[in-house]
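J.: Pasting a structure here, questions to come.
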Amino acid sequence: MYATNYHRASSVADAVRLKGASEDGKYVSGGMTLIPTMKQRLAAPSDLVDLRHVAEMKGITVSGDTIRIGAGTTHAEVATSAELKAACPALCHLASQIGDPHVRHMGTLGGSIANNDPAADYPSAMLALAATIVTDRREIAADDFFTGLFETALEDGEIIVAVSFARPERAGYSKFPNPASRYAMTGVFVAKAAGGVRVAVTGAGSNGVFRHGGMESALAGNFSPDALAGVTTDPSDMLSDIHGSAEYRANLVNVMARRAVAAAGAV
Amino acid sequence: MGAEGIGARVARKEDKRFLTGKGRYTDDMVVPGMKYAVFVRSPHAHAKIRSIDASEAEKMPGVIAVLNGQQLLADGIGNLICGWMIHSKDGSPMKMGAWRPLAHETVRYVGDAVAVVIADSVGEARDAADQVVVDYEELPAVTDAVTALQPGQPQLHPEAAGNLIYDWALGTSEADTDAAIAAAAHVTEMKIVNNRLSPNPMEPRAALGIYDSAEDHYTCYTTSQNPHVARLVMSAFYNVAPENKLRVIAPDVGGGFGSKIYIYPEEIVCLWASRRTGVPVKWTSDRTEAFLTDAHGRDHVSTVKMAFDSDNRITALKVDTIANFGAYMSLFSAAVPTYLYATLLSGQYAIPAIHANVRAVYTNTAPVDAYRGAGRPEATYLLERTIETAARELGVSPAELRRKNFIRSFPYQTPVIMNYDAGDYEASLEAAMKQADWAGFATRKAEAEKRGKKRGIGMSCYIEACGIAPSAAVGSLGAGVGLWESAEVRVNAVGTIEVLTGSHSHGQGHETTFAQLVADRFGVPIDNVSIVHGDTDKVQMGMGTYGSRSGAVGMSAIVKALDKVEAKAKKIAAHLMEADESDVVIENGELKVAGTDRSVPWFQVALSAYTAHNLPAGMEPGLKEGAFYDPSNFTFPAGCYICEVEIDPETGKTEIVQFVAADDFGNIINPMIVEGQVHGGIAQGIGQALLEGVHYDPQSGQLLTASYMDYAMPRADDLPSFQVSHQNTPCPNNPLGIKGCGEAGAIGSPPALMNAITDAIGNNDLTMPATPQKVWAAVHATH
Ligand SMILES: Cc1cc2nc3c(=O)[nH]c(=O)nc-3n(C[C@H](O)[C@H](O)[C@H](O)COP(=O)(O)OP(=O)(O)OC[C@H]3O[C@@H](n4cnc5c(N)ncnc54)[C@H](O)[C@@H]3O)c2cc1C
């Protein structure tokens, strides 16, 4: 790791100011992705602006049918929140499957979606739940937020403050972990809401998280695992590596989708 | 046995410091003026070094020196060597290419060291290492051994034409074996691949070299399983320093699994660099360096023919194996696919004709050497997959086919050197089948079917050779060293005891088991017994720990020394009690005249030995004895493992629902520690069969599995709760009747698991690791 300057931000505005004043600074939340990258010398920010102590970025609120989760909320907090369990248990389940206890107590929702690792779990939930990504300067629809492998619509210096979404009628998440890293080799989040059914797939697509149109239309009329029997996934859009071929991942997309639908209870 | 004696489940003495973070490992060592080494490593699998320009690096802050291979050569530091000579079947010696601690002409694998930076901090050393400019001329690379043997492939070493190190054969003549196969009623043929593994000890390798110019003396702290061998080799072959001027200390070592037997470039370079720079130099591997440069294990490709007569008796076995050695011949590499592998190809079976041919091959990959089991897992996997397949082809139960062919009378001479001394293979098979409820499997399978799961069961009957090894025998087979062990028992004046051993503990629990041996003999509490190991200044000489030798060989040496101490103690006690020496017995910490109430406590005898006021006439003062023990044979642990799995056909994921291990390790000193060894071994075996595998890109030679993001280690939730039991046929050839248990788990488990998976899916065409994707594809292929 190269030397860097550490700053603790007290508010969102303070964080934006600190980063703006730095030469080549970066925000750090849980540090679960950024710090290992720095240790391997693949990232060398001049300054680290720590978002972990910004109160306005923390916590989970369910008001009426709207759920809001602060970007600084850890995976462990999401996994164990009683309020969220009542409103959207699939998201609690998703968070409980991320990494190990250490990672879950450090890593944050905001860090995860800002990073947009093609094998991360949260991006699929954000897309399927039609979440709104709230930043220090605007609101971005999840559909416009994830733009490619490790790419998002965030501008330089823009901070994710929170995400919000409408309580789904039903939602489910099913993940097949990579045997080595335990990130998603394929993870499918399905959500049925007033606006219809949305299916988002992470870990498998060669261009990162994506919505599965074929599955969405199949489930729109019949929200059951059987409805997916005939839906295919094109292997040519899938990732291929030593852990799984494109064909294998295409198969997993179907299997995980059926299991996610089966797991999606009414809430 | 006593609460702390032989056979007692004594909690490990050493665990207090390990579990509270107070172990003292090489990287914990800090000496005044110490500086840090970072190696500049080749990013290419194969390249010529045109030039190395360190001028910018040398100007960087904190940098003390940047050293290269030319300087190392000029200072007379020798090549790394393989210490076991194998002759090809045409009589020619193996073709060993030069391995320089720092390459100065050619790099042959990604990670090959070309220069070293010494600086005030690791960070500064790394910054400077990034600035060392090495001009490479890239050469084509080859990573798999089968390809490397083909014409027109990149050539690694001028000494080894066609990349062939040796072409070696063992056993029955090929003609006789072929004739037996031709006459057979049935022949099972298979291609068997044994996947390449990374050893992954929890503690990465490290070395601290300290040169003392006043005494012209070197000290090396290093992560070694055999510090005395390290000293011998560094002294005799690498010309680092004469033995009397070189002290090697292996303090607490966090696991080795074989990978810390060998002498690597880094410790040599740290010692040499310390002399050149005048400062102590420490290097600690990071995890990526460990993946790149720790000696890998396994990597065999074999074809096998197993022939049967019409009564299903095995009449012949023919094996052809290609072993990938990587870019250089590591210290014991030559012995692994020969005398540690082909000699075990009889397994537990009476096979009249066995012919094995082994070709060892250079490739542009990390060196390959012994890894937990070393050769025996490869032999067991090959045999046990083949006999299971034969049972399926012949339509007989796998247990019956094995039973029919078991060796039942001992000693038994195999056609491949080994002479089995004792065993009862049926007993372990019976015990395992009973514990696994083999008979109830069909019901369980039907029940699983209802849940959409494919259930399968598989077994493996392994034998291995431990307690390495009779020195004269291994000498005649090419070993450069003897494989005896030494011990010294020092009784202090107050009766506490130090045992100095040439064995080295890096997780095995010697501080406990060795102390139990002494407690058992003299009736002293184990807290009064300290085990001293791992320092060439304290222990005179030793051969270290690997090949499950510390029990069978190391403890046998201690027993010999204890015998001598006991004899002298009895003489002293007899003198003190004015009794006949032959009437003295040791009971509950006292020396007694049998059948009387006359006794002297143990400490009194020890004190008398040192006050020397009243010793038998002519007796030397003191109570300290040493012994060397050279075994007369290998030992042969054996057993039967049964694994039951459920496969999710939609994802190919395997769940191990039951794992039974029935082992015959002979007599057992501490059952708890033995079970721990079995658990760890099975976990590693399951790792090999289900998860682990080193992958190189075949074109570029880049290591694709250089971190835990891509190299899948077994985790607790990949493993079931193991059911372990022991059968016992004591080893007749050593005083304790023990055989060794350190590797059995890793040897016996992979074939049991692969037999179970292939049984479940009804497709035998599957290689390790049986990843979900491969199992899914195999399930798919049968439909
Ligand atoms: C061993 C291990 C296992 C893991 N397993 C999984 C897994 O199974 N599934 C999974 O999904 N993830 C997994 N992760 C990743 C984990 O979820 C990370 O925590 C997450 O990807 C990043 O969150 P963080 O808070 O640690 O972000 P950081 O590492 O602090 O930051 C990551 C990036 O996001 C930026 N950033 C952080 N917060 C914000 C913000 N509020 N606004 C804008 N930019 C921001 C940073 O500048 C940086 O570029 C694993 C990580 C580890 C170490």
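The values are calculated or read from the model by the stated rules, or taken from the named source; none is laboratory data. Computed from a prediction, not measured in an experiment: that's the story for all the values here. Neighbour counts run over all protein chains shown; Cβ positions are idealised from the backbone, glycine included. Remember, those area values only see protein heavy atoms, side chains included, never the ligands or the DNA or RNA. Shrake-Rupley method; radii C 1.70, N 1.55, O 1.52, S 1.80 Å.
J.: With all protein chains present, calculate the accessible area of B:W99 using a 1.4 Å probe and round the result to the nearest 10 Å².
T.: 10 Å²
J.: A further question follows. Keeping all protein chains in place and using 1.4 angstrom, which order do B:D537, B:D216 fall into by accessible surface area, from largest down?
T.: Numbers: B:D537 95, B:D216 75 Å².
Output order, biggest surface exposure first: B:D537, B:D216.
J.: Leaving out ligands, DNA and RNA, calculate the buried accessible area for the pair B and A with a 1.4 Å probe, summed over both sides, in Å² to the nearest 100. Let's see the in-between values first.
T.: Working: alone 27650 and 11680 Å², together 37470 Å².
Using a 1.4 Å probe, the pair buries roughly 1900 Å².
J.: Rg(Cα) of the protein assembly as shown divided by 2.2 N^0.38 Å? Walk me through the numbers before you get to the answer.
T.: On the way: Rg = 31.6 Å, N = 1050, 2.2 N^0.38 = 30.9 Å.
So the protein assembly as shown has a normalised radius of gyration of 1.02.
J.: Taking the DSSP beta bridges in chain B as the whole, what percent of them are antiparallel, to the nearest 5? If you can, show how the numbers build up before the last one.
T.: Details: 104 of 131 bridges.
Restricted to chain B, the bridges split so that about 80 percent are antiparallel.
J.: Give the longest segment of chain A that steers clear of chymotrypsin sites (Phe, Trp or Tyr not before Pro) in DSSP loops with at most 14 neighbouring Cβ atoms within 10 Å, not counting the sites themselves.
T.: Working: sites that count: A:Y2, A:F150.
Formally, the longest exposed-site-free interval is A:3-149.
J.: In sequence order, what are the phi-derived ³J(HN,Hα) couplings for segment B:350-358 according to the Karplus relation 6.51 cos²θ - 1.76 cosθ + 1.60 with θ = phi - 60°, rounded to whole Hz, with x for glycine and proline?
T.: 7, 10, x, 10, 10, 10, 10, 10, 10
J.: Take the alpha carbon atoms of segment A:143-204, find their center, do the same for segment A:45-73, and report the distance between the two centers in whole angstrom.
T.: Centre-to-centre (Cα) distance: 17 Å.
J.: A follow-up question, please. Per residue of segment B:433-443, what does 6.51 cos²θ - 1.76 cosθ + 1.60 with θ = phi - 60° give for ³J(HN,Hα)? Whole Hz please, x for Gly and Pro, Karplus curve as stated.
T.: 5, 5, 5, 7, 6, 3, 4, x, 4, 4, 5
J.: Tell me, what % of the accessible area of the protein assembly as shown is carbon and sulfur with a 1.4 angstrom probe?
T.: Numbers: 19280 of 37470 Å².
That share works out to 51 percent.
J.: Further, regarding this structure: Can you compute the FRET efficiency between A:V103 and B:E578 using 1/(1 + (r/R0)^6), with r the Cβ-Cβ distance and R0 = 51 Å? Round to the nearest 0.05.
T.: Values: r = 73 Å, r/R0 = 1.43.
Given R0 = 51 Å and the Cβ-Cβ separation, E is 0.10.
J.: Give the accessible surface of segment A:5-50 per residue, rounded to a whole number of Å², with probe radius 1.4 Å and ligands, DNA and RNA excluded.
T.: Working: 2370 Å² over 46 residues.
In whole numbers, segment A:5-50 has 52 Å² accessible per residue.
J.: So, one more: Averaged per residue, what accessible area in Å² does segment B:484-629 show with a 1.4 Å probe, protein chains only?
T.: Working: 5480 Å² over 146 residues.
Computed with neighbouring chains in place, this is 38 Å² per residue.
J.: Taking Cα pairs under 8 Å and at least six residues apart, what relative contact order does chain A come out at, in percent? Walk me through the numbers before you get to the answer.
T.: Working: 622 pairs, mean separation 41.7, N = 267.
After rounding, I find 16 percent.
J.: Can you figure out the FRET efficiency of B:K89 with B:D424, using R₀ = 51 Å and their beta-carbon distance, to the nearest 0.05? Kindly include the intermediate steps, with their values, before the conclusion.
T.: Details: r = 36 Å, r/R0 = 0.70.
Efficiency, rounded to the nearest 0.05: 0.90.
J.: Which GluC sites (Glu not before Pro) from segment A:22-124 combine a DSSP loop assignment with at most 11 other Cβ atoms within 10 Å? Display every interim value, and only then the final one.
T.: On the way: sites: A:E23, A:E56, A:E77, A:E83; in loops: A:E23.
When the GluC sites (Glu not before Pro) of segment A:22-124 are filtered for loop state and at most 11 Cβ neighbours within 10 Å, A:E23 remain.
J.: At 1.4 Å probe size, put B:R451, B:R715, B:R549 in order of accessible surface, largest to smallest.
T.: Details: B:R451 115, B:R715 85, B:R549 0 Å².
These residues rank, largest area first, as B:R451, B:R715, B:R549.
J.: Test of understanding: what is the full-extension gain from B:Y708 to B:S397, defined as 0.36 nm times their sequence separation minus their Cα-Cα distance? Show your work: numbers first, answer last.
T.: Numbers: separation 311, 0.36 × 311 = 111.96 nm, distance 3.98 nm.
Length gained, B:Y708 through B:S397: 108.0 nm.
J.: So, in nm, how far is label B:N312 from label B:T288 when the simple model puts each one 7 Å beyond its Cα toward the Cβ?
T.: Distance between label points: 5.5 nm.
J.: Mean separation of Cα pairs under 8 Å and 6+ residues apart, divided by the residue count of segment B:518-646: what relative contact order is that in percent? Show your work: numbers first, answer last.
T.: Numbers: 123 pairs, mean separation 31.2, N = 129.
Answer for segment B:518-646 is 24 percent.
J.: Still on this model: For B:V532 and B:R17, what is the calculated FRET efficiency with R₀ set at 22 Å and r taken between the beta-carbons, to the nearest 0.05?
T.: The calculated FRET efficiency here is 0.90.
J.: May I pose another question? Restricting to DSSP loop positions (anything but H, G, I, E, B) with no more than 15 other Cβ atoms inside 10 Å of their own Cβ, which GluC sites (Glu not before Pro) remain in segment B:181-254? Don't skip to the answer; put the middle values down first.
T.: On the way: sites: B:E189, B:E215, B:E243; in loops: B:E215.
When the GluC sites (Glu not before Pro) of segment B:181-254 are filtered for loop state and at most 15 Cβ neighbours within 10 Å, B:E215 remain.
J.: Can you sort B:L170, A:L94 by 1.4 Å-probe accessible area, starting with the largest? Mind showing how you got there, number by number?
T.: Details: B:L170 25, A:L94 0 Å².
Largest accessible area first, the list is B:L170, A:L94.
J.: Keeping all protein chains in the complex and leaving out DNA, RNA and ligands, what accessible area do you get for B:D630 with a 1.4 Å probe, in Å² to the nearest 10?
T.: 80 Å²
J.: Expressed in nm to one decimal, what extension gain is obtained for the pair A:R8 and A:D226 from 0.36 nm per residue of sequence separation less their Cα-Cα distance? Kindly include the intermediate steps, with their values, before the conclusion.
T.: Details: separation 218, 0.36 × 218 = 78.48 nm, distance 5.12 nm.
Once the chain is fully extended between A:R8 and A:D226, it gains 73.4 nm.
J.: Taking the alpha-carbon distance from B:K48 and a cut-off under 15 Å, which aspartates and glutamates remain once sequence neighbours fewer than 8 residues away in the same chain are dropped?
T.: Here the aspartates and glutamates satisfying the reach criterion relative to B:K48 are B:E105, B:D112, B:D135, B:E137, B:E138.
J.: Which of the residues in segment B:116-145 lose at least 20 Å² of accessible area when you go from the chain alone to all protein chains together (probe 1.4 Å)?
T.: So the qualifying set is B:R126, B:D127, B:D130.
J.: Per residue in segment A:161-199, which ones lose no less than 30 Å² of accessible surface when going from chain alone to all protein chains (1.4 Å probe)?
T.: A:F176, A:P179, A:A180, A:S181, A:R182
J.: I would also like to ask the following. Cross-link partners among lysines for B:K450, C-alpha distance below 29 Å, same-chain residues fewer than 8 apart left out?
T.: Correct list for B:K450: A:K175, B:K434, B:K653, B:K774.
J.: Which of the pairs B:K538/B:K560; B:K571/B:K624; B:K191/B:K305; A:K26/B:K59 have their Cα atoms more than 21 Å apart in this structure? Kindly include the intermediate steps, with their values, before the conclusion.
T.: Working: B:K538/B:K560 19 Å; B:K571/B:K624 14 Å; B:K191/B:K305 9 Å; A:K26/B:K59 30 Å.
Exceeds cut-off: A:K26/B:K59.
J.: Let me ask something else about it. Straight-line reach from B:K245: which aspartates and glutamates fall under 15 Å, measuring Cα to Cα and dropping same-chain residues less than 8 apart?
T.: Straight-distance partners of B:K245: B:D212, B:E215, B:D216, B:D535, B:D537.
J.: Along the Cα→Cβ direction, 7 angstrom out, place labels at A:M1 and B:E137. What is the inter-label distance in nm?
T.: In this crude label model, A:M1 to B:E137 measures out at 4.3 nm.
J.: Counting only heavy atoms of the protein chains, get the accessible area per residue of segment A:58-264 (1.4 Å probe) and round it to a whole Å² value.
T.: Numbers: 7460 Å² over 207 residues.
Normalised by residue count, the accessible surface of segment A:58-264 is 36 Å².
J.: When only C-alpha pairs under 8 Å and at least 6 residues apart count, what is the relative contact order of chain B, in percent? Before the final figure, lay out each step's value.
T.: Details: 2006 pairs, mean separation 122.5, N = 783.
Reported as a whole number, the value is 16 percent.
J.: Counting only DSSP beta bridges with both residues in the protein assembly as shown, tell me the antiparallel percent, nearest 5. Spell out each step's value before the answer.
T.: On the way: 143 of 177 bridges.
Restricted to the protein assembly as shown, the bridges split so that about 80 percent are antiparallel.
J.: Could you tell me which GluC sites (Glu not before Pro) in segment B:532-620 are loop residues by DSSP with no more than 11 other beta carbons within 10 angstrom of their beta carbon? Walk me through the intermediate numbers first.
T.: On the way: sites: B:E566, B:E578, B:E581, B:E587, B:E590; in loops: B:E578.
Of the GluC sites (Glu not before Pro), the ones in loops of segment B:532-620 whose Cβ has at most 11 other Cβ atoms within 10 Å are B:E578.
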